[in-house]
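What follows is one structure encoded as structure tokens, with my remarks underneath.
The values are calculated or read from the model by the stated rules, or taken from the named source; none is laboratory data. On a predicted model such as this, the values are computed, not experimentally measured, just so you know. Reconstructed Cβ throughout: ideal geometry from the backbone, glycine too, with neighbour counts over all protein chains shown. Surface accessibility is based on the protein's heavy atoms, side chains included, excluding ligands, DNA and RNA. Shrake-Rupley method; radii C 1.70, N 1.55, O 1.52, S 1.80 Å.
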Amino acid sequence: MNVKTGLATAALCATVTMAPAAFAQDTQLVGIIAELSGGGAPSGTMYRDGVVLGLETIDANGGILGSQIESTEADTQTDPATSVAVMRRLVNDDPFAVFGTVYSSSTVANMKVAEEAGVPQISGSESVSVVDKGNPNIFLTSFSQQMGFAKLVNWIVNDLNAEKIGLMYVNDAFGQGGRQAFIDYLKQHDAELVADIPTEPQQADFTAELTQLKNSGATHVMVYNHEEENARIMIQIDKLGLDIQAVGDNLCASTTITAGGSAIDGAKCHVPMTAFSPLPAMKEVGERFKEKYGHEPDHNGFKGYIGAHLLKAAVERVGEWDQQKVRDCLHENLFTVEDEPGLLLDTYIFENGDADRGSFIVEVKDGKHTVDQVLGLVGGPYEKRDCK
């Protein structure tokens with residue numbers, strides 16, 4: 001697989017404008033649009049690397065319906081407006097599908113462009129705001145907050161016996177969606193939200209917020225920011241000596257652990273994927289990712305890898321490279337690891353593009369995940385539809 005890299009400038013056009021003429025009939029072009037610079041670079045780079053590894057794996061095993069996959073990259077600079085401009089340039093070169101973005105605020109901004117171009121978009125976002133717009137062209141490779149938080153809140157209240165809970169969330173589309181889902185599910189349980197504390201993207205000092213958290217009497221805190229901010233919060237919790245159990249999902253991402261060091265030890269999370277999974281296929285992908293890139297993948301790396309195989313599963317079930325048929329096939333359909341091992345876990349895609357998958361409960365010990373539980377799908381049984 002060849003990867004061509006473009007920036008959110010005229011350089012993007014220079015890298016891919018010749019693509020339709022240059023690619024042979026037995027080659028298909030896809031785009032990768034991600035946060036490769038700016039505050040979201042740790043997440044976007046992980047996602048991009050996962051897509052690339054997935055596509056390389058697919059090509060090494062014969063491609064998709066005999067076609068090899070070419071990809072081109074574009075950098076959103078972690079800016080929603082830039083992501084729209086970049087997406088416009090990307091779809092002008094007629095890729096079969098596009099992977100990305102990760103940051104939900106960017107995906108909400110750019111997904112209409114892909115929809116209007118008829119290019120299926122497989123996103124690494126998780127905010128419910130991505131899947132509640134009625135866009136038939138967007139597909140998640142992990143569950144949204146609406147699905148994931150059902151399991152997360154149940155675990156926090158029933159398994160961790162949390163009664164007084166604080167919430168620190170980033171005040172953007174990602175954080176706001178998570179906050180609402182968390183509060184909605186918490187209302188179904190006998191637990192009290194004693195602190196509801198917003199933070200800002202790329203915030204550095206959390207002294208005021210952590211003082212508010214301490215004064216609330218919370219015994220557990222749901223830390224729900226982007227990975228770099230999660231790390232700063234945990235470092236400052238450690239320095240302040242707060243006696244509180246930190247919980248979350250991306251709180252335990254490898255990018256958070258790398259930035260936060262020993263301050264992340266003891267954090268407990270519900271995660272969609274982990275390189276330390278007891279499932280052999282997921283562990284093997286984690287090892288190959290580390291061999292290629294020098295570090296373990298976090299959930300964003302796995303989401304990218306799975307996204308490549310989700311496209312493969314849908315195209316092969318349709319039996320041809322037809323964008324509309326692939327889009328239709330992805331809706332309300334079950335894709336299994338028996339048919340496509342690269343999915344790593346059975347995946348059901350809902351009508352709105354959300355996903356239901358298995359997941360894991362982990363604790364960070366010595367900078368690594370220890371898996372405490374493997375959780376199944378939220379719903380089901382689901383139907384596997386033939387798309388031919």
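Reported count of residues in segment 314-349, each being within 22 Å of residue 114 (Cα to Cα), in contact with a helix residue (DSSP H, G or I) (Cβ under 8 Å, 6 or more places away or on another chain) and not in a strand (DSSP E or B), is 8. Applying the set (1) in a loop (DSSP other than H, G, I, E, B); (2) in contact with a strand residue (DSSP E or B) (Cβ under 6 Å, 6 or more places away or on another chain) to residue 77 leaves exactly one unmet item: (2).
Being open to solvent by less than 10 Å² (accessible area, probe 1.4 Å), modelled with pLDDT of 95 or more and over 17 Å from the mean Cα position of the chain (by Cα): is that true of residue 33 here? Considered against the rule, which asks whether it is open to solvent by less than 10 Å² (accessible area, probe 1.4 Å), modelled with pLDDT of 95 or more and over 17 Å from the mean Cα position of the chain (by Cα), residue 33 comes out as no. Within segment 258-273, residues that are open to solvent by 10 Å² or more (accessible area, probe 1.4 Å) reach partners that are outside any helix (DSSP H, G or I) and of a type in the set (Asp, Glu) with beta carbons closer than 7 Å, at six or more positions or on different chains, in the pairs 265/366; 268/363.
Which residues, taken from segment 202-214, are modelled with pLDDT of 95 or more and not β-branched (Val, Ile, Thr)?
Passing the criteria: 203, 204, 205, 206, 208, 209, 210, 212, 213, 214.
Each residue in segment 42-64 was checked for being open to solvent by 10 Å² or more (accessible area, probe 1.4 Å) and modelled with pLDDT under 95, and 1 pass. In segment 190-204, the residues that are under 13 Å from residue 221 (Cα atoms) reach residues that are assigned to a strand (DSSP E or B) and small (Gly, Ala, Ser) with C-beta atoms within less than 7 angstrom, at least six apart or across chains, in these pairs: 194/166; 195/166; 197/166.
Contact annotation: residue pairs with Cβ atoms under 8 Å, 6 or more positions apart or on different chains, pairing a residue in segment 143-165 that is closer than 25 Å to residue 334 by Cβ and of a type in the set (Gly, Ala, Ser) with a partner that is assigned to a strand (DSSP E or B) and open to solvent by less than 10 Å² (accessible area, probe 1.4 Å), are 144/355; 148/270; 148/359. Any residue in segment 202-222 that is in contact with a Gly (Cβ under 6 Å, 6 or more places away or on another chain), under 22 Å from residue 47 (Cβ atoms) and of a type outside the set (A, V, I, L, M, F, W, C)? Yes; the residues of segment 202-222 include at least one that is in contact with a Gly (Cβ under 6 Å, 6 or more places away or on another chain), under 22 Å from residue 47 (Cβ atoms) and of a type outside the set (A, V, I, L, M, F, W, C). The combined condition, being of a type in the set (Ser, Thr, Tyr), on the phi > 0 side of the Ramachandran plot and crowded, with 20+ Cβ neighbours inside 10 Å, is not fulfilled by residue 82. Taken as a whole, the condition of being crowded, with 22+ Cβ neighbours inside 10 Å and either in contact with a helix residue (DSSP H, G or I) (Cβ under 6 Å, 6 or more places away or on another chain) or of a type in the set (Ser, Thr, Tyr) (or both) does not apply to residue 67.
Within segment 241-255, one or more residues are small (Gly, Ala, Ser) and surrounded by fewer than 24 Cβ atoms within 10 Å (Cβ to Cβ). Does residue 276 fit the bill of being over 25 Å from residue 149 (Cα atoms), aromatic (Phe, Trp, Tyr), touching a helix residue (DSSP H, G or I) at 6+ places or on another chain (Cβ under 8 Å) and touching a residue at least 40 places away in the same chain (Cβ under 8 Å)? Here the answer is no, as residue 276 does not meet what is asked. Scanning segment 248-304 for residues that are over 18 Å from the mean Cα position of the chain (by Cα) and part of a loop (DSSP other than H, G, I, E, B), we see that the one that is farthest from residue 221 (Cα to Cα) is 294.
Within segment 345-370, being touching a Phe, Trp or Tyr at 6+ places or on another chain (Cβ under 7 Å), closer than 30 Å to residue 263 by Cα and open to solvent by less than 40 Å² (accessible area, probe 1.4 Å) holds for 357, 361, 369.
Residues that are at pLDDT 95 or above and closer than 20 Å to residue 355 by Cβ number at least 3 in the following strands (runs of 3 or more DSSP E) confined to segment 80-186: 97-99, 121-123, 138-140.
Residue check: is residue 109 touching a helix residue (DSSP H, G or I) at 6+ places or on another chain (Cβ under 9 Å), farther than 21 Å from residue 48 by Cα and open to solvent by 20 Å² or more (accessible area, probe 1.4 Å)? So residue 109 fails the test. Scanning segment 187-216 for residues that are surrounded by 19 or more Cβ atoms within 10 Å (Cβ to Cβ), assigned to a helix (DSSP H, G or I) and out of contact with any strand residue (DSSP E or B) (no Cβ under 6 Å at 6 or more places or on another chain) returns a single hit, 210.
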